[in-house]
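What follows draws every value from the coordinates through simple rules; no lab data is involved. All values reported here derive from a predicted model rather than from experimental measurement. Using ideal geometry, Cβ is built from the backbone for each residue, glycine included, and neighbour counts are taken over all protein chains shown.
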Amino acid sequence: MNSVETHNLTVIYDKKPAIWNIDFTLPAGKIIGIMGPNGSGKSTLLKAIMDIVEPNMGYVKLMDKPLDDVRDKVSYVPQRLSVDWDFPASVYDVVAMGRYAKRGMFKKLSSDDKKRIDESLEMVNMSAFQNRQISQLSGGQQQRVFLARALAQDADIYLMDEPFVGVDAATEQAIITLLKNMRDQGKTLLVVHHDLHTAQDYFEHMVLLNTRLVAEGPTEEIFNEKILTETYGGTLTTLSKVANVLKEKDFPMRHK
Ligand SMILES: Nc1ncnc2c1ncn2[C@@H]1O[C@H](COP(=O)(O)OP(=O)(O)O)[C@@H](O)[C@H]1O
Ligand SMILES: [Mg+2]
């Protein structure tokens with residue numbers, strides 16, 4: 001089965017395209033990286049998939065269906081800094097929202113819901129913080145609360161926007177381990193990421209974006225100098241970074 005399909009997906013802000021004619025079909029049950037330079041449309045792509053921004057052209061299918069048919073099976077974790085963390089809510093409240101996404105806002109939480117919330121808090125190691133206000137958390141803790149909310153939803157497809165930004169190395173490791181466990185249970189994870197050094201370790205499949213789709217496919221097929229240069233463009237710093245990453249990993253370079 002396919003997880004996410006986009007067809008000619010285009011979003012234009014103020015006459016300037018943020019994503020242009022994006023066309024791909026992604027496999028299910030994999031951890032998929034969405035990579036590209038700043039402003040290349042990564043966040044916009046996730047938002048268009050979730051219908052948070054309305055595409056100017058094109059359409060999306062999730063598990064071969066329109067979003068509205070499978071909405072409770074798709075979980076979106078926005079960029080941490082795009083959220084108002086001063087909003088008065090406890091850690092528990094935020095994670096509980098993952099259950100409400102499934103059952104509607106006005107139903108009481110069942111014991112099943114509560115069990116799932118407890119388990120989700122446990123999985124990200126945040127049980128001890130469940131009564132704390134979200135404004136009182138570190139960046140890494142906020143990110144883990146977001147993950148717990150997604151886990152509580154028990155979706156099939158997870159879209160995550162830069163989940164590793166502002167978290168310490170230990171938390172990053174904990175999160176990637178969690179994502180791999182989710183993948184092993186058959187979940188599909190689309191993860192926006194900007195660190196080229198870890199990309200090959202984290203992702204088995206990639207979407208490389210620069211307003212247009214540069215490449216999409218298994219990491220070992222597309223993570224190479226030619227495609228990365230095409231994705232990241234000509235800035236010297238980025239280019240030398242690309243070369244270093246490939247050298248570090250002793251990745252076979254393609255010379256032509
Ligand atoms: N709400 C918006 N209004 C106008 N322009 C936007 C808006 N959101 C993003 N953009 C622009 O669209 C482009 C893609 O942005 P974004 O999807 O956030 O890229 P990325 O996540 O890859 O950094 C950028 O040029 C950005 O400035
Ligand atoms: Mg972004």
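Quick notes on this one:
- If both residues of a DSSP beta bridge must be in the chain, then about 55% of such bridges are antiparallel.
- 23 Å Cα-Cα threshold exceeded, pairs from Lys30/Lys108; Lys65/Lys187; Lys47/Lys108; Lys65/Lys108; Lys61/Lys108; Lys15/Lys42: Lys30/Lys108; Lys47/Lys108; Lys65/Lys108; Lys61/Lys108
- Chymotrypsin sites (Phe, Trp or Tyr not before Pro) within the range 173-228: DSSP coil, no more than 14 neighbouring Cβ in 10 Å: none
- A crude spin-label estimate for the pair Leu67 and Ser135, with each label 7 Å from Cα along the Cβ direction, gives 3.1 nm.
- Against the chain, whose longest principal axis comes from its Cα atoms, helix 91-103 is set at around 80 degrees.
- Rg/Rh, computed from the Cα trace of the range 65-105 with Rh as the Kirkwood radius, has the value 1.03.
- Between helix 139-153 and the chain: long-axis angle, C-alpha atoms, 0 to 90°, nearest 10: 70
- Taken over the Cα atoms of the range 113-175, the convex hull encloses 87 Å³ per residue.
- Volume of the Cα convex hull of the chain, divided per residue and given in Å³: 142
- Loop-resident sites, the range 74-146, for trypsin sites (Lys or Arg not before Pro), counting at most 10 other Cβ within 10 Å (DSSP): Lys108
- Computed E for His197/Asp23 - FRET, C-beta separation, R0 30 angstrom, nearest 0.05: 0.55
- Separation of the Glu54 and Met1 label points, Cα + 7 Å toward Cβ, nm: 3.0
- The chain, relative contact order in percent, only Cα pairs under 8 angstrom and at least six apart counted: 25
- All aspartates and glutamates inside 15 Å of Lys114 as judged from Cα atoms, apart from same-chain residues fewer than 8 positions distant: Asp93, Glu122, Asp154
- Hits among aspartates and glutamates - C-alpha to C-alpha of Lys226 under 17 Å, sequence gap 8 or more where chains match: Glu216, Glu248, Asp250
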